[in-house]
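Encoded as structure tokens, the structure appears first; notes follow it.
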Amino acid sequence: MAAGETIVFDDMSKRFGAVHAVSDLTFTVEPGRVTGFLGPNGAGKSTSLRVLLGLVNPSTGTATIGGARYATLRDPVRRVGAALEATFHPGRSARAHLSSVAVAGGIPRARVGEVLELVGATPYADRRVGGYSLGMRQRLALATALLGDPGVLVLDEPINGLDPEGIRWIRGLLRSLAAEGRTVLLSSHLLSEVQQTVDDVVVIAGGRLRYTGPLAGLGTGPVTIVDAPDRPALAAALQGAGFALRVDAGDLVVDADPADVGRVAQAAGVALRELRQRSGGLEDEFLALVGQELPPPPPPGSTPIPGEAPR
Ligand SMILES: Nc1ncnc2c1ncn2[C@@H]1O[C@H](COP(=O)(O)OP(=O)(O)OP(=O)(O)O)[C@@H](O)[C@H]1O
Ligand SMILES: [Mg+2]
């Protein structure tokens, strides 16, 4: 097994024409830990991972593995295992696909049977990949990544498409790979999907870094549910006081203490019909970080804002 290595994104930006897919991204991914790379659809996760793996060039900045760009690594198959979009030649079997990757990378053929077994793909390993389900393709992508027994694993949405048993299995696998000292970086657009698996998280939205650090550092702030017969007036008062608001399952949610929310409402002369603290701030903090907040209030006299449904 190759040793885990540190992944470093240093002020990396990627533009596609006018689209700023990723801007000024700086973070570090450590060996021996599982790191979740989180953000909503279009946040820039796949683009960042593609830059890391040398599939596209950054516009500025760098992304390195063990201090070097992927393209310059010697023996990359044994150092870095990657699973991006799970697309394979449809006419080939999983075994044939893995065998060709093994031959190209100078990996003993015997390893093919091992990784098929490891991901639970042995029963269908000789069927054409074109007939595989999403979960079966995901397992094959993971098998391909593990072929060289690499110290670094870079996986784009590896849990997507797996059944509950598969999700439990991959959680255990990723944790054990990190426990062996490997670097495990996986992306997801759902915090809840990776919450039980990751040690660290990197949160991006709109191509920009929103948080990097231990999972335990998220979800520590107070969250309040508040409502008023005149919800637009309440929202305007809270936003005017600088609080971040959002609507979640019909509730108006504020990232602040109930006492502070009550004080602002009183100062604005808004009567309340509900004011309570909500527990379990992890998901709340994640949503606040990725910026699914209400838009700023419209000028007085125009149509009222706070929607009854999330945007
Ligand atoms: N080849 C490309 N040409 C033009 N724009 C691109 C290209 N690749 C990505 N983008 C844009 O870059 C942004 C980030 O896309 P990216 O695929 O990295 O997001 P993501 O976080 O992986 O999203 P998802 O959760 O949906 O997979 C999007 O606005 C996307 O349209
Ligand atoms: Mg993606």
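Quick note: the coordinates plus some simple rules give every number you see, no bench work behind them. Keep in mind it's a predicted model, so treat the numbers as computed, not measured. Glycine gets a Cβ as well: all are built from the backbone with ideal geometry, and neighbour counts include every protein chain shown.
Compute the distance from the alpha-carbon center of the range 73-102 to that of the range 147-182, in whole Å. If we compute the Cα centre of each part, the gap is 16 Å. Expressed per residue, the C-alpha convex hull volume of the range 223-289 stands at 74 Å³. Take the Cα of Ser100, step 7 Å toward its Cβ, do the same at Asp199, and the gap between the two points is 3.7 nm.
For the chain, the Cα-based Rg and Dmax, in that order, read 22.9, 75 Å.
Between Asp251 and Ala216, the distance separating the two model label sites (each 7 Å from Cα on the Cα→Cβ line) works out to 2.6 nm.
Out of all Cα-Cα pairs in the range 104-221, roughly what percent, to the nearest whole number, are more than 22 Å apart? The share of Cα pairs beyond 22 Å in the range 104-221 comes to 40 percent.
Taking each DSSP H run with n ≥ 4 as -39500 (n - 2.57) and averaging over every residue of the chain yields -9000 deg cm²/dmol at 222 nm. Extension gain, Arg128 to Glu30, is 31.6 nm, computed as 0.36 nm per intervening residue step minus the present C-alpha separation.
Return a whole-number percent for the relative contact order of the chain, with Cα pairs under 8 Å and 6 or more residues apart as the contact set.
In percent, rounded to a whole number, it is 20.
Placing a pseudo-label 7 Å from each Cα along the Cα-to-Cβ vector at Glu114 and Glu180 gives an inter-label distance of 0.8 nm. With all pairs of separate Cα atoms included, the range 124-166 yields a Kirkwood hydrodynamic radius of 11.3 Å. Relative to the longest principal axis of the Cα atoms of the chain, helix 134-146 runs at roughly 60 degrees.
Among beta bridges from DSSP that stay inside the chain, the antiparallel ones total about 65%.
With 0.36 nm allotted per residue and the present C-alpha distance subtracted, the Asp163-Asn57 stretch has 34.7 nm of extension available. Available extension along the chain between Leu282 and Ala259 is 6.2 nm, counting 0.36 nm per residue and deducting the alpha carbon span. Against the chain, whose longest principal axis is taken from its Cα atoms, helix 258-267 shows a tilt of about 40°. Computed from the Cβ-Cβ distance with R0 of 25 Å, the FRET efficiency linking Asp11 to Thr87 stands at 0.20.
Dimensions of the range 151-272 from C-alpha coordinates, computed as largest minus smallest value along each principal axis and given longest first, are 59, 27, 25 Å.
Please work out the FRET efficiency for the pair Leu272 and Ser192, using the Cβ-Cβ distance as r and a Förster radius of 25 Å; give the result to the nearest 0.05. Computed FRET efficiency for Leu272 and Ser192 comes out at 0.25. The angle between the Cα long axis of helix 164-179 and the longest principal axis of the Cα atoms of the chain comes to about 70 degrees, rounded to the nearest 10.
Among the GluC sites (Glu not before Pro) in the range 27-128, those located in a DSSP loop and surrounded by at most 16 other Cβ atoms within 10 Å of their own Cβ are Glu85.
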